[in-house]
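A short write-up of the structure that comes next.
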Amino acid sequence: MGDPKTEAARRRTFAIISHPDAGKTTLTEKFLLYGGALGAEAGTVKARQGRRSATSDWMDLEQQRGISITSTVLQFDHRDCVINLLDTPGHRDFSEDTYRVLAAADAAVMVLDAAKGIEPQTLKLFEVCREREIPFLTFVNKWDRPGKSPLELLDEIEETLVVEPTPVTWPVGIAGDFRGVIHQGTGTYTRFERTARGATIAPEEEVDTATAAEVDTDAFQTATEEAELLTVLGRVVDTKTFLAGESTPVFFGSALTNFGVRFLLDGVVDLVPSPAPRLLANGTRRALDAPFAGLVFKVQAGMDKAHRDRIAFVRVCSGRFERGMIVIAGRTERQFSTKYAQTMFGQDRETVDEAYPGDVIGLVNASDLRVGDAIYRDEPASFPELPAFAPEHFMRARVKDVSKFKQFRKGIVQLDEEGAIQVLRDEDLGDQAPVLAAVGPMQFEVASYRLENEFGAPAELTATRFSIARKTDAESSARLRSMQGVDVLARDDGTQLALFESKYWMDRVIADHPELTLERLVAEGGL
Ligand code: G4P
């Protein structure tokens, strides 16, 4: 039986963020290959499922759209560490979801396509990281293909993200002619050999300077000069600024051919902080060896079509989790048994018998749990509230076939509890025609798809005139309701949101009525 502090010190829990197609899925698969979780050959998971996406994509809609909406958790070992890799949705429309996943992670890896650099979604997801104040590593992927120069990429990171890039590895050979990498810390040069589409671990060879100068001549010389220049300029990994999110260690590689993947994994082990005592709502921190406490950061239903179950993903924050233990759900103070605790491996599940700080467990059918909840034993815990993102898209939902109203209502409640979409209700219309509020329009697609396919209640979504929301209170809401171009709707938890037709109109209301409560929500103005 492990000791929570010692086990926590071995944990590295991180999430990958990237623009779609930058290579997140491929990289995840290669991590598993290096972590030994896939056996000897990567690609087998892809092949078995006969589709483009890897282990962590499962929903039909995701397959149709070729994007990952949902997220899962993968666990594997590297060196003497246990790595927990949390998958994030790859689309900005789900940035609220990304934020929640990042609440369960201790760091992020940002994947860039060498030819494209920082793309719009990368920027948006990066801003979610910044909002969450979590450190991140950068992996410049697809170095086997023509792309930008490495120095240009560093400039781009610095200028666009206002973060100092500090290379850990430096590529030998331009993008498209990848020979290997120089490790900035040790100065060693590692040459790579191609494997067939990276199916097995890339054979690597440490080469001394004389041999390198002979075999890779100009490419090696250029890389050496650049690497030295960067060191002179002070572009070296600095733990303090990295942890503060002010600098980002950079790795170059090619997930497809496995080049550089091991260095990145080593970087995860060496740089990503192990779980620290978690901040509680009362401002104190829960010691790692305090009794068990966990944070629910995601609730997801319908993961298994055959069962239509609902899973609460919980990050262990303190103590030792043991399957079957009775825990208390903080919000309702109800007890429940964790007999059906599981780990997720994409679509596959396994029961989990024990878990430590940094690990993620899936609790099946713990229907009381909502995102942001704490579960604990012995000593009560509650975590700071996860902020709700500012919705910018509002659609009214009605059931198409009134005989399916019950299913429709159930579906809406479920989507709301999962935080898949925000559900706002009108005092008068109630459940008949709730307004669905989203950070991005693709959330409506998911809601509509799920209402139809999971709950058997096709819905009609119609546009509303609103485009921006602010949090208000009971006192202000009566006044706001009487104004033109404004409406006040309520969330299930009682939060009142004032909806405005335009930012212009909202600003005027604020200017004319400074006494009204109109609080900004996170990421207003679009991430
Ligand atoms: P995502 O999850 O970030 O959306 O990206 P994904 O891994 O699915 O990769 C997107 C495409 O980029 C895939 O090609 C993948 O093979 C390719 N790719 C990923 N990493 C590298 C790399 O290091 N080098 C090169 N050259 N390509 C890379 P695809 O044609 O869309 O799919 P597939 O048919 O190859 O699977």
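The values are calculated or read from the model by the stated rules, or taken from the named source; none is laboratory data. This is a predicted model, so every value here is computed, not measured. Positions of Cβ are generated from backbone atoms using ideal geometry, with glycine treated the same way; all protein chains shown enter the neighbour counts.
Here is how the numbers come out for the structure above:
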item	result
Single unsatisfied condition, residue 347 versus (1) modelled with pLDDT under 85; (2) within 22 Å of residue 379 (Cα to Cα); (3) surrounded by fewer than 15 Cβ atoms within 10 Å (Cβ to Cβ)	(2)
Filtered residue count, segment 156-179, keeping only those that are closer than 22 Å to residue 129 by Cβ and either of a type in the set (A, V, I, L, M, F, W, C) or within 12 Å of the ligand (Cβ to nearest atom) (or both)	5
Residue in segment 474-481 that is modelled with pLDDT of 90 or more, touching a helix residue (DSSP H, G or I) at 6+ places or on another chain (Cβ under 8 Å) and surrounded by 21 or more Cβ atoms within 10 Å (Cβ to Cβ) present	yes
Residue, farthest from residue 505 (Cα to Cα), within segment 429-465, restricted to residues that are at pLDDT 90 or above and in contact with an Asp or Glu (Cβ under 6 Å, 6 or more places away or on another chain)	458
Scope segment 30-50; condition in contact with a Gly (Cβ under 7 Å, 6 or more places away or on another chain) and either near the ligand (Cβ under 7 Å from one of its atoms) or modelled with pLDDT under 85 (or both); matching residues	42
Single residue of segment 141-155 satisfying the filter (within 16 Å of the ligand (Cβ to nearest atom) and either under 14 Å from residue 170 (Cβ atoms) or not assigned by TED's automatic domain parsing to the domain that holds residue 177 (or both)) that is surrounded by the most Cβ atoms within 10 Å (Cβ to Cβ)	143
Single condition residue 478 does not satisfy, out of (1) among the aliphatic types (A, V, I, L, M); (2) without any contact (Cβ under 8 Å) to a residue 12 or more places away in the chain; (3) assigned to a strand (DSSP E or B)	(3)
Every residue from segment 483-506 that is of a type outside the set (A, V, I, L, M) and either within 15 Å of residue 390 (Cβ to Cβ) or at pLDDT below 90 (or both)	484, 485, 491, 492, 493, 494, 495, 496, 500, 502, 503
Residue 83 vs. criteria within 13 Å of the ligand (Cβ to nearest atom), of a type in the set (Val, Ile, Thr) and either part of a strand (DSSP E or B) or at pLDDT below 50 (or both)	no
Elements of type helices (runs of 4 or more DSSP H) in segment 208-276, at least 2 residues being surrounded by fewer than 15 Cβ atoms within 10 Å (Cβ to Cβ) and more than 16 Å from the ligand (Cβ to nearest atom)	209-215, 217-232, 239-243
Subset of segment 4-23 [within 16 Å of the ligand (Cβ to nearest atom) and in contact with a Ser or Thr (Cβ under 9 Å, 6 or more places away or on another chain)]	15, 16, 17, 18, 19, 20, 22, 23
Count of residues meeting criterion [charged (D, E, K, R) and loosely packed, with under 15 Cβ neighbours inside 10 Å] in segment 482-512	5
Residue match in segment 114-131 (condition: away from the ligand (no atom under 16 Å from the Cβ), at pLDDT 90 or above and in a loop (DSSP other than H, G, I, E, B))	no
Checking residue 55 against (1) more than 10 Å from the ligand (Cβ to nearest atom); (2) at pLDDT 70 or above; (3) buried (at least 23 other Cβ atoms within 10 Å of the Cβ), the condition it does not meet	(2)
Lone qualifier among 146, 120 - being without any contact (Cβ under 8 Å) to a residue 60 or more places away in the chain, farther than 30 Å from residue 280 by Cα and not hydrophobic (A, V, I, L, M, F, W, C)	146
Unique match (being over 16 Å from residue 262 (Cβ atoms) and either touching a helix residue (DSSP H, G or I) at 6+ places or on another chain (Cβ under 7 Å) or hydroxyl-bearing (Ser, Thr, Tyr) (or both)) among 186, 211, 169, 190	211
Listing of strands (runs of 3 or more DSSP E) fully contained in segment 393-444 that carry 2 or more residues being surrounded by fewer than 20 Cβ atoms within 10 Å (Cβ to Cβ)	393-399
